[in-house]
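Participant: If you scroll down you'll find the structure; I have some questions about it.
What follows is calculated from the coordinates using simple rules that are stated; it is not laboratory data. As the structure is a prediction and not an experimental result, all values here were calculated from the model. Neighbour counts run over all protein chains shown; Cβ positions are idealised from the backbone, glycine included.
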Amino acid sequence: MDNTATQSGFRQQPNMRMGNSSMDGTDGSQLFEDTSGVAAGPQAGYSNQQAGLQAAGFSGQSLLSDPMSNLAMAYGSSLASQGREMVDKNLDRFIPISKLKYYFAVDTVYVGKKLGLLVFPYMHENWEVSYQQDTPVAPRFDVNAPDLYIPAMAFITYILVAGLALGTQNKFSPELLGVQASSALVWLIMEVLAVLLSLYLVTVNTDLTTIDLLAFSGYKYVGMIVGVVSGLLFGRPAYYLSLLWCCAAIFVFMIRTLRLKLLSEAAAEGRQVRGSRNQLRMYLTMSIAGAQPLFMFWLTYHLIR
């Protein structure tokens, strides 16, 4: 009996402890504070705020689906496209960028052949520009095609060589170099304008454009560079000899090139150049070619002492 009581008492002791712990759980004081309700507070507030904005009609989808905003966006895009087309049209009217790409479509082989043709044009036979479907091929495929790469690079190189020549004479200054560059550019523009006026007065039907005339007029800077560099290296006699050679070369080059451009009607029909109008064309061709040596000497003689 005692053992039974003892065992029963031993078995009931955990029940009493469990009962006490359950009674402690019902007490107001807890070992750890329950923060689940506190964490849910800001989320609940944010969700309530978002629900309030949606209820007030300020959702992102409502802004995108608003007919007035869509109309404003479409109107703005149409104005931007119209402005871009207007700028491109006016820019292409004064500066034909699409045509300028053709004149800079060159490669190393073309540049080497063209420079050789400008310095020694006497052995070249075929001077006609190649066409593909009534469109002239790119300069890199035809050495007879005019380009702007060589004239532009030759003009810049001429200015640099002129600065070097002025430095050897102890006359270099940024202002004097600027005068040299501006005077060369002004003479080039006046030459092109004079040729355009002459073509208008003679009423020549030709496919020569202003860019073509600018390219042909800019080829003389190659001979000018050769003359000035020769003068700097070997003295004044070398300048005169090299410049004389380059002047004769550019004269022959311009005659054989412009002859097909200005006398295209007579050349296409295979008849001789006769009549007053054709004589005027021939005189104009000779005048343009003869002006190149004069400009070459005028712009370089003061650089060699």
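Participant: Provide the gained length on full extension for the span V119 to S98, in nm with one decimal, where the gain is 0.36 nm per separating residue minus the Cα-Cα distance.
Facilitator: Computed gain between V119 and S98 is 4.5 nm.
Participant: Say R0 is 35 Å: what FRET efficiency, to the nearest 0.05, do T210 and L176 get from their beta-carbon distance?
Facilitator: 0.70
Participant: Which lysines have a Cα less than 30 Å from the Cα of K261, not counting those fewer than 8 places away in the same chain?
Facilitator: K89, K99, K101, K113, K114, K220
Participant: Fully extended, how many nm does the chain gain between M282 and T168 (0.36 nm per residue separation, minus their Cα-Cα distance)?
Facilitator: Contour length minus Cα-Cα distance gives 36.8 nm.
Participant: Tell me, in nm to one decimal, what length is gained between L260 and L241 on full extension, where the rule is 0.36 nm per residue of separation less the Cα-Cα distance?
Facilitator: Difference between extended and current length: 3.9 nm.
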